[in-house]
Amino acid sequence: MIVLRARRALVEGSLRPAAVVVDGSRIAAVLPFSDAVAAQEITLADDEVLLPGLVDTHVHVNEPGRTEWEGFASATRAAAAGGVTTIVDMPLNSLPPTVSVPFLATKRAAAAGQCLVDVAFWGGAIPGNGSELRPLHDAGVVGFKAFLVDSGVPEFPPLPDPRPALRELAAFDGLLIAHAEDGALITPAGGRRYADFVASRPRASEDSAIAGLLAAARETGARVHVVHLSSADALPLLAAARADGVRVTVETCPHYLALTAEEVPDGDTRFKCCPPVREADNRDALWQGLVDGTIDMVVSDHSPCTPDLKRLDSVDSLCGDFGAAWGGIASLQIGLPIVWTEARARGIDLADVVTWMSRRPADLVGLTSKGRIEPGADADLTVFAPDATFAVGALHHRNPVTPYAGRTLHGVVRATWLRGTVITDGEAPRGRLLSREDARV
């Protein structure tokens, strides 16, 4: 048995002194800081805070099939370094995509024995696989990802009308998470000018697709979740739908909270993602949406690729072309410092930031033993120094392309615990492959 004493620990939504007792893989008790405990003693430094392990429900691992983009070994090593103890792998960009039970088995086999943190899996909802949704649910996926617009990979086609899938999911209370952009409002955009790229995927494209998704959820009664919200103009739609009883949750991402269109240099395709990073006023409105509760959580949408696909050093005319470059931003390892750096500048508490990045994502996928410091929860813990700073350098992601390179951030992760044991360099992977069954533990 171990007791971790912290002058600041995130317990019941606030930072307070606590002695966290760990018995095996679980938290046995949360006691006052000075209570005597017959256990091995670990006392955090005065500048350190004890947090629950983060839960990142939006990670593109890409293995098998595109492992050169990212893989389970490198992704989970990056997660552990960033205080993330559970990730949920997206069903696309791997080959095959996770759209059937046999393909889920292929994905789990690829992950087995490689993971330094725990990993759960999304299934995919694409045209023609409606009969696969219930079997995938029964096989343990935590929900289903759909694109309402072209996904960028041919093996995961869009689902422009989500209502048939939602009717199927409503029968067993399954969850649909949706990339919401309206292809009819997107125009082709090539070239090096970032302003042209942003104009090609306007806020209206998100707003329209979200309105359609909300109408479909209202009609079918199914649960829906909007991924990587970029357009703050959609916030009133989402708030009104929720007030009307539509079961909708919303996430945004570190890049939409930290980056702005005004700062993106022309030709710097490290900043490309879909939907795009928008203007500063939009970023500020997203922060307000988090503070007022319209946006529920913050997750990475870690979507890396090989450097050549970003067209940064291309010898042809497509060098730095936002139309030709892969859209995706790598931030899994540094998500907490990115968001905390912006939050502290706005006077937002660390407790709120960590709740958005731990308990809320865990609750979304039903992993209620994750993302919290309370008796009975998994002893997944992060030791964080919120006032320390660092410059973003080499990361554990398989490929080094990130728009945050060289940026100075606040907050250093000093240790990450998975189920009661510190994750150390060079240790044998002991992350578990989770399923919905684990949500009931």
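Structure data summary
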{"read-out": "Selected residue (criterion: surrounded by the fewest Cβ atoms within 10 Å (Cβ to Cβ)) from residues of the stretch 338-382 that are of a type in the set (Gly, Ala, Ser) and part of a loop (DSSP other than H, G, I, E, B)", "value": "Gly347"}
{"read-out": "Filtered residues of the stretch 157-169 (kept if under 22 Å from Arg66 (Cβ atoms) and either surrounded by fewer than 24 Cβ atoms within 10 Å (Cβ to Cβ) or hydroxyl-bearing (Ser, Thr, Tyr) (or both))", "value": "Pro157, Pro158"}
{"read-out": "Scan of the stretch 64-73 for residues that are surrounded by fewer than 24 Cβ atoms within 10 Å (Cβ to Cβ) and either of a type in the set (Ser, Thr, Tyr) or assigned to a loop (DSSP other than H, G, I, E, B) (or both), ordered by number", "value": "Pro64, Gly65, Arg66, Thr67, Glu68, Gly71"}
{"read-out": "Which numbered condition Arg270 fails, given (1) part of a helix (DSSP H, G or I); (2) on the phi > 0 side of the Ramachandran plot", "value": "(2)"}
{"read-out": "Matching residues, the stretch 170-196, being of a type in the set (Val, Ile, Thr) and either modelled with pLDDT under 95 or surrounded by fewer than 23 Cβ atoms within 10 Å (Cβ to Cβ) (or both)", "value": "Ile186, Thr187"}
{"read-out": "Contacts under 8 angstrom Cβ, first residue in the stretch 353-375 being more than 15 Å from Phe121 (Cβ to Cβ), partner among the aromatic types (Phe, Trp, Tyr), 6 or more apart", "value": "Val353/Trp340"}
{"read-out": "Given (1) closer than 22 Å to Val412 by Cα; (2) in contact with a helix residue (DSSP H, G or I) (Cβ under 6 Å, 6 or more places away or on another chain), number of the condition Leu350 does not satisfy", "value": "(2)"}
{"read-out": "Among (1) buried (at least 24 other Cβ atoms within 10 Å of the Cβ); (2) touching a residue at least 60 places away in the same chain (Cβ under 8 Å); (3) in a loop (DSSP other than H, G, I, E, B), the one test that Thr98 misses", "value": "(2)"}
{"read-out": "Sole exception among (1) within 18 Å of Ala330 (Cα to Cα); (2) crowded, with 20+ Cβ neighbours inside 10 Å for Val250, by number", "value": "(1)"}
{"read-out": "Some residue of the stretch 33-55 being farther than 30 Å from Val153 by Cβ, among the small types (Gly, Ala, Ser), touching a strand residue (DSSP E or B) at 6+ places or on another chain (Cβ under 7 Å) and without any contact (Cβ under 8 Å) to a residue 40 or more places away in the chain", "value": "yes"}
{"read-out": "Residue in the stretch 13-30 that is among the β-branched types (Val, Ile, Thr) and closer than 17 Å to Arg398 by Cα present", "value": "no"}
{"read-out": "Elements of type helices (runs of 4 or more DSSP H) contained in the stretch 196-263, each with 3 or more residues being under 25 Å from Leu336 (Cβ atoms) and touching a residue at least 40 places away in the same chain (Cβ under 8 Å)", "value": "254-258"}
{"read-out": "Tally of residues being surrounded by fewer than 20 Cβ atoms within 10 Å (Cβ to Cβ) and either among the charged types (D, E, K, R) or within 18 Å of Ile338 (Cβ to Cβ) (or both) across the stretch 277-286", "value": "5"}
{"read-out": "Candidate set from the stretch 276-300 (those that are assigned to a helix (DSSP H, G or I) and of a type in the set (Asp, Glu)); member that is nearest to the chain's Cα centre (by Cα)", "value": "Asp284"}
{"read-out": "Output for the stretch 395-441, where each listed residue is of a type in the set (A, V, I, L, M), over 21 Å from the mean Cα position of the chain (by Cα) and either at pLDDT below 95 or within 24 Å of Arg108 (Cβ to Cβ) (or both)", "value": "Ala428, Val441"}
{"read-out": "Qualifying residue in the stretch 424-432 (condition: surrounded by 18 or more Cβ atoms within 10 Å (Cβ to Cβ) and of a type in the set (A, V, I, L, M))", "value": "no"}
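The values are calculated or read from the model by the stated rules, or taken from the named source; none is laboratory data. Just so you know, these numbers come straight off a predicted model, no measurement behind them. A quick note on method: Cβ atoms are made from the backbone with ideal geometry, for glycine too, and the neighbour counts reach across all protein chains shown.
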